[in-house]
1. How about the stretch 177-195: which of its residues are over 29 Å from Pro220 (Cβ atoms) and out of contact with any Leu (no Cβ under 8 Å at 6 or more places or on another chain)?
2. Determine the pairs where a residue that is of a type in the set (Asp, Glu), located within the stretch 5-32, has a partner that is buried (at least 21 other Cβ atoms within 10 Å of the Cβ) with Cβ atoms under 6 Å apart, the partner being 6 or more residues away or on another chain.
3. Which condition from (1) assigned by TED's automatic domain parsing to the domain that holds Asp241; (2) surrounded by fewer than 17 Cβ atoms within 10 Å (Cβ to Cβ) is the one that Ala170 breaks?
4. Gly155 versus (1) touching a Gly at 6+ places or on another chain (Cβ under 7 Å); (2) not assigned by TED's automatic domain parsing to the domain that holds Lys261: which is the lone unmet condition?
5. Can you find, within the stretch 24-61, the residue that is surrounded by the most Cβ atoms within 10 Å (Cβ to Cβ) among those that are assigned to a loop (DSSP other than H, G, I, E, B) and hydroxyl-bearing (Ser, Thr, Tyr)?
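The values are calculated or read from the model by the stated rules, or taken from the named source; none is laboratory data. The structure presented is a predicted model; accordingly, all values stated were derived computationally and were not measured. Here Cβ is always computed from backbone atoms with ideal geometry, including for glycine, and neighbour counts include all displayed protein chains.
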Amino acid sequence: MRIKKTIVTKDIQDYTVNEKIKHTHHAISGDVAIFEVVTLGKHESVQGEEKRSVAIFEGDFIMAAFADRYATSQFEGYVPTEPLPLYDILAAGGAIGVVKSKNYALKDIEPTKVRMIGYVCDEKGKVINSRWYKKPRIPFAGVVPNNAKVILSIGSTMDSGKTTTAACVARGLKQTGKRVAFMKFTGTVHTKDRDFVYDAGADAVTDFSDMGFPSTYMMPKEELLDLYQSLLAKLSSEKPDFIVVEIADGLLQRETNFLLKSREFISTINSVVFSCGDSLSAFQGIEVLNEMHIAPAFISGRFTMSPLLILEVQENSGMAVLDMFQIMSGEFNHLLISRRMVAA
């Protein structure tokens with residue numbers, strides 16, 4: 001049978017399919033399996049192993065991995081606690097689970113349903129887990145390659161403009177003639193964000209899927225920090241002068257929140273840029289960050305599409321507010337380079 005491999009399974013080559021354990025094995029995040037598409041819903045395509053969008057049809061077979069997903073504008077879903085007759089495609093990059101909730105905009109849209117054929121196993125018959133599959137796990141040491149300055153892009157919520165801001169920062173820093181790398185550290189598997197920043201001018205890009213993670217949601221802090229160090233090491237050969245790092249979703253999201261409160265993580269960060277969707281989220285976000293002893297170098301995001309909102313935030317926050325064109329110009333790079341973030 002023809003199997004359409006999703007991007008998260010791109011590194012899996014030699015394997016067998018075990019159908020006998022599909023009703024007895026209890027899946028964890030990263031466990032890889034072959035699924036048959038039963039009914040199409042939200043996802044009518046997946047991101048294939050070569051990164052292109054691959055159309056799927058009822059009766060097709062895909063290779064994907066179980067995962068948890070946090071997405072306030074999409075699906076919230078989890079790895080099931082027991083084997084089920086049908087599962088949901090949570091994300092196009094190959095995340096499979098069971099939907100718990102969804103944004104109201106999707107109220108009339110059901111997830112694409114799949115049936116498991118069998119688990120993907122290695123030569124010893126063990127279920128292959130995509131996390132760290134044939135990848136070195138480097139324990140966190142807080143070492144940044146080439147002593148690069150790390151610029152952290154965070155946002156008030158999902159879709160607040162973090163990736164666009166990160167891309168503009170990368171492009172602006174390239175005006176200095178230095179080497180700039182980008183890392184999408186947390187989120188759910190899909191390469192569109194890293195690809196966008198690469199197109200904006202970054203010299204090298206990476207994300208958590210390079211270490212086989214279908215999602216970072218619900219990962220323990222220790223594993224996340226090791227993932228961060230491993231991705232930094234992956235960029236080492238590029239000898240970057242700057243590394244722009246994006247962490248997904250909003251300030252109150254589980255992983256984002258404990259990373260921002262982590263002395264270990266924040267000790268590696270040179271400066272922070274904060275993206276917001278509107279003026280009130282900017283003001284409240286500044287307060288939340290102040291409680292974490294973090295002062296953004298500047299504020300940007302979707303609200304900067306409106307000159308009125310820019311003026312509103314400037315007049316009431318006392319902070320620098322930059323739109324995407326100002327960031328890309330490189331004229332405000334000094335705000336990023338001079339600031340040093342240290343958790344109190």
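1. The first filter runs over the stretch 177-195 and keeps only residues over 29 Å from Pro220 (Cβ atoms), leaving 177-180.
Result: Gly177, Lys178, Arg179.
2. So the pair list comes out as Asp31/Phe66.
3. Unmet condition: (2).
4. It is condition (2) that Gly155 fails.
5. Step by step, filter the stretch 24-61, then rank; the result is Ser29.
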